[in-house]
């Protein structure tokens, strides 16, 4: 739908999950939003295969439910248990019942979530889909890690590449997953995660396999049966025989963060700016997927941004003091998560025998740590009490 000749409060560049969620939140506050993207795909069209699945915490679930965008039970599998195995005998277990919650997380099918968000946007009169950026008081950049707009605005994106690639796929298993998310740290530095799919009684999983980058081409080139066999071996046959049920996707892993998350569209001017920009989601930061927190962090960004703008009182939504308040809040929240994920990745990527013993000893100690373990669980679940 072409944009009409009108004024927009916010132009959101990027119509993925983070961008659409932000559009719905701002529209709820009666802001006029232009959402830049390819437009809606009719539900009858054959969607492009997307093998991604995300672990969403209670906060993210509540946010999406409030926007009427939460997928049905078949596409949002509650995680009742989580098992983490070290590369020797270290292990950690989490249980929803022990935490006093219905689920530790929900594994959400990405295409189903995107379809629900697209439908919600389609029926929101405050949001207009546009094919290219339009003038607006505030430009929100939600284009992901490879954002062109971030580069256009001259924002430094400090990146630390990991010597790993992530391989994602979906597999059928002969043993039902039992609502258990599983993760294995491997002796070669790899990390394999099984995310349960298909509802509470499902027998399929989404995998994210972080492997040394030199191994990725070999694994991607394997025939489907051989690849499934390699995954079965790496998971110690936990879910029986496996069958590849999708294409395989792969991408390089990195930690990254933008130097600043907001600014004036007229930098250098001596007069206060009436137009500004702000970053959110992967356009602002990247973390290792080993804790499954990437989308939770992006949704927390847009929730904080929308709340900050809603509390603006008399200020313009382009007021940089307002936007810097959002930036400070989110950078402070991200710091411990980024440090923890980077530290774990670096620790398990090392192959020296003394470090293997140390990290497995650490896992066993964490399993017995009581209050520390409970605190970490609640941080990951998005609950604070």
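Derivation of every value follows stated rules applied to the coordinates shown; laboratory data play no part. Treat the numbers as computed from the prediction; the structure is a model and nothing was measured.
Relative to one another, the C-alpha centroids of the range 105-136 and the range 52-78 are positioned 14 Å apart. Within the range 97-148, the proportion of Cα pairs with more than 16 Å between them is 68 percent.
If you take the alpha carbon atoms of the range 200-309 and fit the smallest convex hull around them, that volume is 165 Å³ per residue.
Between residue 151 and residue 325, the contour length at 0.36 nm per residue exceeds the alpha carbon distance by 60.4 nm.
The slack between residue 159 and residue 249, meaning 0.36 nm per residue of separation minus the straight C-alpha distance, is 30.2 nm. When the alpha-carbon atoms of the range 138-265 are used, the pair Rg, Dmax equals 18.2, 56 angstrom. If you take the alpha carbon atoms of the range 72-203 and fit the smallest convex hull around them, that volume is 202 Å³ per residue. Per residue, the average separation of C-alpha pairs within less than 8 Å and at least 6 apart gives the range 57-139 a relative contact order of 32 percent. The calculated pair-distance distribution of the range 156-198 uses every alpha carbon pair, bins of 5 angstrom beginning at 0, and gives 5, 15, 21, 19, 15, 11, 7, 4, 2, 0 percent.
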